[in-house]
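Peer 1: Sharing a structure, written as structure tokens. Questions coming.
The values are calculated or read from the model by the stated rules, or taken from the named source; none is laboratory data. Please read all numbers here as calculations on a predicted model, not as lab measurements. Neighbour counts are summed over all protein chains in view; Cβ atoms, including those assigned to glycine, are modelled from backbone coordinates with ideal geometry.
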Amino acid sequence: MTPNPRQSDLLQAVRDEGVATVEALAERFGVTLQTVRRDVKLMAEAGLLARFHGGVRVPSSTTENIAYRQREALNAEAKKRIARAVAARVPNGCSLLINLGTTTEAVARELVRHKGLRVITNNLNVASILTDNADCEVIVTGGVVRHRDRGIVGEAAVDFIRQFRVDIGLIGISGIEADGSLRDFDYREVQVSRAIIEQSREVWLAADHSKFNRPAMVELARIDQLDLLFTDAAPPEPFPALLAEAGVQCEYSGA
């Protein structure tokens, strides 16, 4: 299809945000819900958008993540707000395991003034950021370094992490599906994140709104394995009920 001007603007809005509700799009463009649903249906049939219950997102592969630099720029302001909320809850003098992701890297930037932290990570970007904090001991796992994002993956990283028991395991993920699964793309990365969850007294997830209803190939964990969720907007259905049933505390850091 060749989108008309309104449809082109709607398409760009969804691409900018990653995900949007039908109600939000109708309000933004001053049209009816029926008009948005019709536009979304046409663009979904053309493969330009993907629909889910109550909303729409950019089409995404279940087998391959988008490039690191694109992820770094995507919803950057939302990630900063989430990062500030996470950092505000991290006490001085605690231990953390931190995995891969642009959101966890944003959190690291907010922790550079914390005192007495001990951080174990498989993320060389997180390690580089936190070495600016002279009062933070940074421990880096062994393993294979992925060139595209400076993440360390593989069995050596898993074995290394299993030596520790920390106060907080801080994880980022690629997608949260409506069945309550937390998902990612690289099985080797997922193995490390699973070890982080196992070795943490509390598990905190930092994920912006675009991660809800985003598919990915490998299951990392389930919602009921979380203690805290930090995000930037109220999750769409059916996630509020899933989170409440699992007893997960949610903290929203809106604009």
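Peer 1: Conditions: (1) part of a strand (DSSP E or B); (2) at pLDDT below 95. LEU96 meets all but one. Number of the miss?
Peer 2: (2)
Peer 1: Would you be able to tell me the number of residues in the stretch 107-117 that are out of contact with any Leu (no Cβ under 8 Å at 6 or more places or on another chain) and touching a residue at least 40 places away in the same chain (Cβ under 8 Å)?
Peer 2: Total satisfying the criteria: 0.
Peer 1: Which condition from (1) within 28 Å of SER253 (Cα to Cα); (2) in contact (Cβ under 8 Å) with a residue 12 or more places away in the chain is the one that THR131 breaks?
Peer 2: Looking at each condition in turn, THR131 falls short on (2).
Yes or no, residue by residue, for (1) surrounded by fewer than 23 Cβ atoms within 10 Å (Cβ to Cβ); (2) assigned by TED's automatic domain parsing to the domain that holds ASP16; (3) part of a loop (DSSP other than H, G, I, E, B); (4) out of contact with any strand residue (DSSP E or B) (no Cβ under 8 Å at 6 or more places or on another chain):
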position	(1), (2), (3), (4)
ARG118	yes, no, no, no
ALA127	yes, no, no, no
VAL145	yes, no, no, no
ASP159	yes, no, no, yes
ILE173	no, no, yes, no
LEU182	no, no, no, no
SER193	no, no, no, no
ALA216	no, no, yes, no
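Peer 1: Scan the stretch 218-250 residue by residue and report those that are among the polar types (S, T, N, Q) and in a helix (DSSP H, G or I).
Peer 2: If the condition is that a residue be among the polar types (S, T, N, Q) and in a helix (DSSP H, G or I), then GLN225 is the only one that fits.
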